[in-house]
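Chemist: First the structure, then my questions, so here it is.
Each value in this text was obtained by applying a stated rule to the coordinates, not by laboratory testing. Because the structure is predicted, anything quoted here is derived from the model rather than measured. Backbone-built Cβ (ideal geometry, glycine too); neighbour counts: all protein chains shown.
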Amino acid sequence: MHEWFCVEQSRERNAEILAEAEKRRLARLAPRKPVGPVLRARVARTVFGVALALEREETWRAVWERLEAPRHP
């Protein structure tokens, strides 16, 4: 009886592992967000933080103008 239980438990675990692997494979194939806007936002936040740390009005204006600049596709 004990052997049968171990075999069934092993089969269930293998099925779980295969299901998890399939989920990870499908997640890799899923379309990802474009990197451009995310990177642009991260750089803008960093520059904004540096401008605030320096507390210079000129730097603040330059950063603000850059953030408000129209985006070119």
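Chemist: Kindly express, to the nearest 10 degrees and within the range 0 to 90, the angle between helix 2-29's C-alpha long axis and the longest C-alpha principal axis of the chain.
Modeler: 30
Chemist: Compute the acute angle (0 to 90°) between the alpha-carbon long axis of helix 57-68 and the principal axis of greatest extent of the alpha-carbon atoms of the chain; round to the nearest 10°.
Modeler: 60
Chemist: Please state, rounded to one decimal and in Å, the Kirkwood hydrodynamic radius that the chain gives when every pair of distinct Cα atoms enters the mean of 1/r.
Modeler: The Cα-based Kirkwood calculation yields 17.2 Å.
Chemist: Taking the Cα atoms only, what angle lies between the long axis of helix 35-54 and the longest principal axis of the chain, rounded to 10 degrees?
Modeler: For helix 35-54, the angle is close to 50 degrees.
Chemist: Another question about this same structure. May I ask you to list the trypsin sites (Lys or Arg not before Pro) in segment 1-62 that are in a DSSP loop and have at most 16 other Cβ atoms within 10 Å of their Cβ?
Modeler: R32, R56
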